[in-house]
Amino acid sequence: MTWASLVFSFVKVLVVVLFLLNMAAITVWLDRRQSAMLQDRVGPNRAVVYLPSGIVRALLTLPAVLIAGALAVPMWAAAPGLEIPRMTQGVELAIFVAWSGLLLLSSHVRRNGAENAFDEAVGSIEPRAYFYRGLVAHVVAAVLVQLVPTSLNAPGGVAWGTGIAGSIAAGAVLMTALYASAKVPDGKVGIRLAGTLHAVADAIKLIWKEDLRPKNADKLLYAIAPLLAMFPALVTFAVIPMGSTLCFQDIDKNHALSFVDLANIAGVVDRTGVCAVGQIPVSLAVADLNVGLLYVFAIAGTGIIGAALAGWASNNKWALLGGLRATSQMVSYEVAMGLSITGLLMIVGSVHMQQIVDWQGRHAWGIFVQPVAFFLFLAALVAETKRVPFDQPEGESEIIAGYFLEYSGMKFGLFFLGEYAEFVFSSALLVTLFFGGYHLPFLDPDGVRVAIGNTTFYELKLTHLAVSLIHLGVFFGKTIIVTWLQVFIRWTLPRFRYDQLMKLGWTKLLPAALVNILVTGMIILGIEAASPGVQSGLQALCDVTQALVAVGGVLALVAIITGLLEPAKHKQVAVSSTARYALGAGGVKATKMGA
Amino acid sequence: MTVSQTSWTKPAPRSPVPTKVIARPNRTPQVQAYVPEWLKGTAVTMRHFFENTKERMLGQKRDPVLENFEGGITTIEYPEERRPYPDRFRGLHRLTMRDDGSPRCVACLCCSTACPAQCIHIEPAEYAEGDERRGYERYPSVFVIDELRCVFCGFCVEACPCDAIRMDTGMHPAAYDSRDQFIYDSPILLSMVGRDGSRKTENARHEPGDSTHPGVTRKHEAH
């Protein structure tokens with residue numbers, strides 16, 4: 001182990017811990033905010049930090065200048081010729097910045113009123129029109145760039161098309177940021193970040209709150225229980241691969257990662273994603289264990305100890321009941337959890353997380369090959385993290401708050417944080433096992449390749465660095481989306497009764513998981529015995545599922561954007577005297593202080 | 001005489017209590033499978049979530065007072081949004097001013113007498129020797145209202161003969177840190193403006209010596 005690999009591992013640990021802790025805090029906030037938004041309330045969105053307008057303007061412009069520089073300079077430097085793909089990227093980016101910037105401006109104008117004729121013109125257009133026109137512009141630009149004759153690249157022709165495209169994109173970014181910073185009002189400006197600052201406020205509050213200990217509590221166990229509850233959530237994340245394996249060039253020929261190598265990432269890798277001979281592969285999981293999933297189950301099992309100890313050490317009968325409930329529930333559901341995933345492991349033939357993800361990238365996402373196992377695993381996972389509808393260990397109506405009833409201050413905060421960190425980890429595990437991990441459909445390690453069976457429709461080569469960055473973003477993005485989706489479970493389902501919970505675990509999930517293993521085994525044997533024609537047909541079917549995911553994802557994105565931009569229709573009804581007064585004063589929104 | 005067979009200690013047998021048989025819930029396979037119903041429920045919650053999110057996207061949130069009859073978010077986000085107070089809302093007090101900037105109050109103690117909460121404290125004082133108003137009216141050297149004790153009944157305003165105290169500021173007391181911050185003295189009371197932004201009132205004040213002054217003046221002294 002060299003110093004460079006040690007530093008790299010430290011960075012990975014830091015990323016994991018920061019992601020888990022921040023996401024846990026934000027998920028606590030998201031939980032409340034989402035519950036409010038679906039019950040016709042606003043929820044916590046009012047925590048605010050006041051900054052001088054100069055700093056806000058700088059925060060808007062400086063990153064934009066950096067981004068613009070990063071866009072324009074390499075485009076000019078690396079563009080002695082006319083590179084159509086890079087030119088396409090520049091133009092498409094410029095179009096994206098243009099329409100999204102105009103959309104933001106129109107939203108601002110609709111909220112705060114127009115300041116000049118340009119604002120008025122932007123605000124008068126229906127918001128959805130920007131999105132539609134932007135989409136059309138994306139397509140038209142993609143076609144037009146292909147039509148640019150490559151003869152322009154000839155000596156004496158226009159040899160700087162790529163540079164111009166980069167400059168257009170940089171200009172669009174700069175223009176948007178400058179116009180936005182001009183809109184910042186003078187004086188102190190309240191920053192709310194859509195309410196996420198509440199997570200910070202909550203953390204500060206919990207740290208400074210008084211830490212009470214019941215008189216007859218077991219001092220030592222009472223103190224270490226929150227740490228034990230927090231520990232497995234952070235540690236299990238170690239085996240989750242956050243991105244594809246990175247390949248570094250071995251510059252100093254010492255066959256190990258050194259700082260010189262760290263700066264020299266391989267330019268391209270081949271389609272299998274395996275590093276070439278002489279290159280140094282570096283996994284993006286903190287610990288690249290070949291027992292991957294077994295490690296997860298082993299460590300997650302220790303999570304019981306925290307809850308059980310907390311229940312015992314508090315010297316409170318409700319806490320003890322909560323601890324017992326947590327223990328028996330987690331022990332029961334671990335069985336179903338392990339068995340439900342066995343089918344997938346039989347198909348992949350490995351418990352190594354990276355290999356599970358790679359298999360899904362090459363074939364189909366886990367949810368398509370094991371749909372039954374997905375629902376069984378999801379139920380077991382929700383029970384394992386003690387969330388609604390399986391949150392009997394902390395059932396308020398029966399045992400007040402369960403095992404952490406006596407805890408206050410940051411010890412309570414640790415339980416809470418640990419629970420939500422576990423929640424975020426469970427999303428990451430779902431993503432890794434069932435939603436293709438860091439894979440995007442049709443994104444191979446060497447670039448985009450849209451193909452079904454042996455027919456290739458579109459191909460675009462990308463560098464190793466670009467693909468790796470996309471993979472990293474995709475993994476964290478998917479984890480956040482799945483976390484968001486999982487929060488909906490809480491606000492949809494009521495809590496089970498305790499006997500129903502046990503019955504579900506032992507008499508429904510467990511047999512269903514066993515049947516799933518049996519059926520999966522028979523299908524695997526059937527496929528192995530089938531003719532090569534059938535097997536290539538299955539591969540084509542896998543590609544179809546990837547296409548389904550890609551098309552479905554794009555359609556969902558378009559539907560969400562157009563749906564959210566749809567104008568809302570309101571009808572004024574002034575029937576009460578209050579409403580009539582409000583009408584006279586121009587309504588609640590127009591009323592200023594003192595009126 | 002026939003003796004009843006049933007002992008008086010034992011109540012007579014009643015007719016059986018009519019019971020209503022409640023049918024078991026309809027447990028179709030679809031309900032038992034749980035997943036379809038769960039997905040349906042999630043669709044409902046998601047619909048509510050996206051509808052409300054949509055209303056907050058482009059500043060097109062419903063007016064919670066005027067447009068809240070069809071659902072949607074009804075939260076009034078104070079202080080950016082406020083439910084407007086009616087015109088005759090009795091808010092914090094203010095002392096109105098004369099044209100020269102002195103309080104209109106003549107320290108007649110009508111308001112403090114009328115006050116059911118006894119929250120007004122006035123110490124009347126005579127104008128200085130040679131002042132034209134000396135001998136006609138006094139002025140409040142101390143005028144203090146305890147806004148924490150005030151019940152906002154408006155009797156002081158009704159009692160005032162000079163239109164010197166008003167409750168038309170349209171403001172409610174803020175949430176201060178300590179009780180003494182709720183004690184408003186005359187500089188604070190004089191600095192507060194009415195809803196029209198004025199520190200005076202529409203009702204004209206006729207000083208002694210004005211041609212419009214209806215009452216006795218010093219010139220009547222001889223009579």
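The values are calculated or read from the model by the stated rules, or taken from the named source; none is laboratory data. Being a predicted model, the structure only gives us computed values, none of them experimental. Reconstructed Cβ throughout: ideal geometry from the backbone, glycine too, with neighbour counts over all protein chains shown.
Limited to the range B:163-194, what total is found for residues that are touching a residue at least 60 places away in the same chain (Cβ under 8 Å), assigned to a loop (DSSP other than H, G, I, E, B) and among the charged types (D, E, K, R)? The qualifying residues number 2. All of B:GLY59, B:GLY101, B:GLY72, B:GLY41 fail the test of being surrounded by 16 or more Cβ atoms within 10 Å (Cβ to Cβ) and either farther than 30 Å from A:GLY113 by Cα or touching a Ser or Thr at 6+ places or on another chain (Cβ under 9 Å) (or both), apart from B:GLY41. Taking (1) within 12 Å of another protein chain (Cβ to nearest Cβ); (2) over 25 Å from A:ILE240 (Cα atoms) in turn, A:VAL515 satisfies each apart from (1). Checking each residue in the range A:253-267 for being in a helix (DSSP H, G or I) and either in contact (Cβ under 8 Å) with a residue 60 or more places away in the chain or under 17 Å from A:THR463 (Cα atoms) (or both) picks out A:PHE259, A:ASP261, A:LEU262.
You will find that of B:PRO79, B:PRO84, the residue that is part of a loop (DSSP other than H, G, I, E, B) and crowded, with 18+ Cβ neighbours inside 10 Å is B:PRO84 and no other. Residues of the range A:350-373 include at least one that is within 14 Å of chain B (Cβ to nearest Cβ), farther than 23 Å from A:LEU320 by Cβ and buried (at least 23 other Cβ atoms within 10 Å of the Cβ). Please verify whether B:GLU132 is assigned to a loop (DSSP other than H, G, I, E, B), closer than 20 Å to B:SER102 by Cα, touching a residue at least 60 places away in the same chain (Cβ under 8 Å) and more than 14 Å from chain A (Cβ to nearest Cβ), treating the condition exactly as stated. Considered against the rule, which asks whether it is assigned to a loop (DSSP other than H, G, I, E, B), closer than 20 Å to B:SER102 by Cα, touching a residue at least 60 places away in the same chain (Cβ under 8 Å) and more than 14 Å from chain A (Cβ to nearest Cβ), B:GLU132 comes out as yes.
Looking at the range A:388-404 only, could you name the residues that are touching a Lys or Arg at 6+ places or on another chain (Cβ under 6 Å) and within 14 Å of another protein chain (Cβ to nearest Cβ)? Answer for the range A:388-404, where residues must be touching a Lys or Arg at 6+ places or on another chain (Cβ under 6 Å) and within 14 Å of another protein chain (Cβ to nearest Cβ): A:VAL388, A:PRO389.
Regarding B:SER198, is this residue surrounded by fewer than 15 Cβ atoms within 10 Å (Cβ to Cβ) and either within 19 Å of the chain's Cα centre (by Cα) or modelled with pLDDT of 90 or more (or both)? In short, no.
Restricting the range B:28-72 to residues that are farther than 30 Å from A:ALA512 by Cα and polar (S, T, N, Q) leaves a set whose member that is farthest from the other protein chains (Cβ to nearest Cβ) is B:ASN68.
A:VAL239 meets all of the listed conditions (1) touching a Leu at 6+ places or on another chain (Cβ under 9 Å); (2) modelled with pLDDT under 90 but one, namely (2).
Scanning the range A:374-404 for residues that are more than 25 Å from A:PHE488 (Cβ to Cβ) and buried (at least 24 other Cβ atoms within 10 Å of the Cβ) yields a count of 1. For the range A:14-57, residues that are aliphatic (A, V, I, L, M), touching a helix residue (DSSP H, G or I) at 6+ places or on another chain (Cβ under 8 Å) and in a helix (DSSP H, G or I) total 12. The residues on offer are B:CYS153, B:CYS119, B:CYS162, and the sole one that is touching a Cys at 6+ places or on another chain (Cβ under 6 Å) and outside the structural domain of B:ASP63 (by TED's automatic domain parsing) is B:CYS119.
Restricting to the range B:135-182, and then to whatever is more than 14 Å from every other protein chain (Cβ to nearest Cβ), surrounded by fewer than 16 Cβ atoms within 10 Å (Cβ to Cβ) and aliphatic (A, V, I, L, M), can you tell me which residue is farthest from B:SER102 (Cα to Cα)? By that ranking, first place goes to B:ALA175.
Condition first: small (Gly, Ala, Ser) and touching a Ser or Thr at 6+ places or on another chain (Cβ under 7 Å). Can you find one or more residues in the range A:223-240 that meet it? No, the range A:223-240 has no match at all.
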